[in-house]
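Asker: Take a look at this one; I'll ask things after.
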Amino acid sequence: MNKSRKPILDVLGGQIPERVPVWLMRQAGRYLPEYRELRAKSKNFLNMCLTPDLATEITLQPIRRFDMDAAILFADILLVPMALGVDLQFREGEGPALQPVSSMLDLEALFYDPASVAPVMQTIRQVAGQLSPSTTLIGFCGAPWTVACYMIDGNSHSNFAATKKCVYENPEFLERLIAILIDASEQYLSAQIEAGAEALQIFDSWAGLLSGEAFTHYVINPTRILISRLKKKYPHIPIIGFPREAADGYEPYIKQTGIDALGIDQSVDLAYAKRALQSVKPLQGNLSPDLLVQGGAAMLDAAATILRTFGPLHIFNLGHGVVPQTPPEHVAQLVAYIREFRP
């Protein structure tokens, strides 16, 4: 049995951990009363992300409450376009809103300013100093394709109609934007590593909008370039890729991007995942967030199936983020069950 300090880093390194590690996407957030209390006193969501003391406290809340195996930085994937000079707002009840980019002239005005995200790096330094020896600090960014979707459409209300139109009608513009985002994301993630992030996750939340050649061109290729650049500088830092709802794209993604582990959503068949995906790299996922809301026997039965299917070389997580209506006691029940589970 491997006695390394951090179970998540064991799995990401292809080693059997002392126990199956668990953390949850969006584990810090609106379902926790302590988060809501801070949110009520704060100016807005963006201010919380960019105030290191607040972001540190929010990052640590689920660690204190549930003793998760990873703390994931409290931030947002849209801080990269903000750092590029795009106006970003989070409107109550509406989600993020950006000033859309729509022309080559707009792209020429983009310039990455590391000072604008310096508070994020301060948050990482503060969190790193407060974690137990067994807890991994995960940094993250949005994948170039997903961030481009928000930058072109300005929000997600139209299911990214303008971006999907660009794929076929204005590929030169989209490719230039993607190239800018690869460069900016490399700088952003490099700074996170320098500040103390021990692993990274790349969220491609809208990978499922594409398939076939378009998926290869705009999801796989930019991710591969970004990971290749990071690995040249930081070969010891593992990277998890999460191309949500990628369907048939999961297999080429895990084989071609250079990731160290693959996050899978709840639609992925477990037998297929074990056969075609876990045989290539470790997996992370994929309990339905709806089952976490439900709790009880249905949640625990599904968790047991996942644990039995994937065995110890697996990071337990959800197939997407924790939703606001999730009872915290269900999260506690799930984590306790995973801690006690023996195949």
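Bear in mind these aren't lab numbers, they're just calculated from the coordinates by the rules spelled out. Note that the coordinates shown come from a computational prediction; the quantities given were computed from them, not determined experimentally. So basically every Cβ, Gly included, is an ideal-geometry build from the backbone, and we count neighbours across all protein chains shown.
Asker: If all Cα-Cα distances of region 7-340 are sorted into 20 Å bins from 0 onward, what percent lands in each bin, rounded to whole numbers?
Answerer: Cα pair-distance distribution for region 7-340, in percent: 32, 62, 6.
Asker: Ok, one more. 5 Å is the cut-off here: which amide hydrogens, built 1.01 Å from N in the peptide plane, fall below it relative to GLU245, excluding neighbours closer than 5 in sequence?
Answerer: ASP265
Asker: Tell me, what HN-Hα J-couplings in whole Hz come from the Karplus equation 6.51 cos²θ - 1.76 cosθ + 1.60 at θ = phi - 60° for each residue of region 218-226, using x for Gly and Pro?
Answerer: After applying 6.51 cos²θ - 1.76 cosθ + 1.60, I find 10, 9, 5, 4, x, 5, 4, 5, 4 Hz.
Asker: Taking only Cα atoms and a 10 Å spring cutoff, compute GNM fluctuations for the chain and point out the largest among PRO171, PRO289, PRO119.
Answerer: Residue with maximal mean-square fluctuation among PRO171, PRO289, PRO119: PRO171.
Asker: Please enumerate, by chain and number, the aspartates and glutamates with C-alpha under 20 Å from the C-alpha of LYS231, excluding those fewer than 8 residues away in the same chain.
Answerer: Leaving aside aspartates and glutamates fewer than 8 places away in the same chain, those within reach of LYS231 are ASP10, ASP183, GLU186, GLU194, GLU198, ASP204, ASP260.
Asker: Please identify, among GLY129, GLY311, GLY13, the residue showing maximal mean-square fluctuation in a Gaussian network model of the chain using a 10 angstrom Cα cutoff.
Answerer: Of the options given, GLY129 has the highest mean-square fluctuation.
Asker: Now, a different point. With +1 on each Lys and Arg Cβ and -1 on each Asp and Glu Cβ, how big is the dipole of the chain about its Cα centre, in debye rounded to the nearest 20?
Answerer: Rounded to the nearest 20 debye, it is 960 debye.
Asker: Hey, what do the phi angles of region 168-174 turn into as Karplus ³J(HN,Hα) couplings, whole Hz, using 6.51/-1.76/1.60 and θ = phi - 60°, x for Gly and Pro?
Answerer: Result, rounded to whole Hz: 9, 9, 9, x, 4, 5, 5.
Asker: Where does each of MET151, MET104, MET48 land when they are ranked from fewest to most other beta-carbon atoms within 10 angstrom?
Answerer: Values: MET151 26, MET104 12, MET48 21.
Ordered from fewest to most neighbouring Cβ atoms within 10 Å, MET151, MET104, MET48 come out as MET104, MET48, MET151.
Asker: Take the alpha-carbon positions of region 162-281, form their convex hull, and give its projected area averaged over all directions (one quarter of the hull surface) in nm².
Answerer: Values: hull surface 30.3 nm².
Spelled out: convex hull of the Cα atoms, projected over all directions, averaged, 7.6 nm².
Asker: Right, another one. Just going by the charge dipole of region 101-190, with Lys and Arg at +1 and Asp and Glu at -1 on Cβ, which of SER156, SER103, GLN130 is farthest out on the positive end?
Answerer: The residue sitting farthest along the positive end of the dipole is GLN130.
Asker: Moving on. Against the longest principal axis of the chain, how steep is helix 144-153, in degrees 0 to 90 to the nearest 10, with axes from Cα atoms?
Answerer: Helix 144-153 sits at roughly 50 degrees to that axis.
Asker: If you don't mind, there's one more thing I want to ask. So if I place +1 on the C-beta of Lys and Arg and -1 on the C-beta of Asp and Glu, and nothing else carries charge, what would the dipole magnitude of region 66-180 be about its Cα centre? I want it in debye, nearest 20. Mind dumping the intermediate values first?
Answerer: Numbers: 5 positive and 13 negative charges, 24 e Å.
So the dipole magnitude of region 66-180 works out to roughly 120 debye.
Asker: GNM on the chain, C-alpha springs below 10 Å: top fluctuator among ARG19, ARG30, ARG308?
Answerer: Looking only at ARG19, ARG30, ARG308, the largest GNM fluctuation is found for ARG308.
Asker: Follow-up. Please name which of ALA276, GLY14, PRO144 has its Cα lying farthest along the dipole of region 7-340 towards the positive end, using unit charges on Cβ (Lys, Arg +1; Asp, Glu -1) and the Cα centre as origin.
Answerer: Comparing the listed Cα positions along the dipole, GLY14 ranks first.
Asker: Would you kindly derive the ³J(HN,Hα) couplings of region 13-30 from the backbone phi angles with the Karplus curve 6.51 cos²θ - 1.76 cosθ + 1.60 (θ = phi - 60°), listing them in order in whole Hz, with x for Gly and Pro?
Answerer: Rounded to whole hertz, the list is x, x, 10, 5, x, 5, 8, 5, x, 9, 8, 10, 4, 6, 5, 9, x, 5.
Asker: Using 0.36 nm times the number of residues separating ASP113 and VAL293, minus their current alpha carbon distance, what extension gain do you get?
Answerer: Additional length available on full extension: 60.8 nm.
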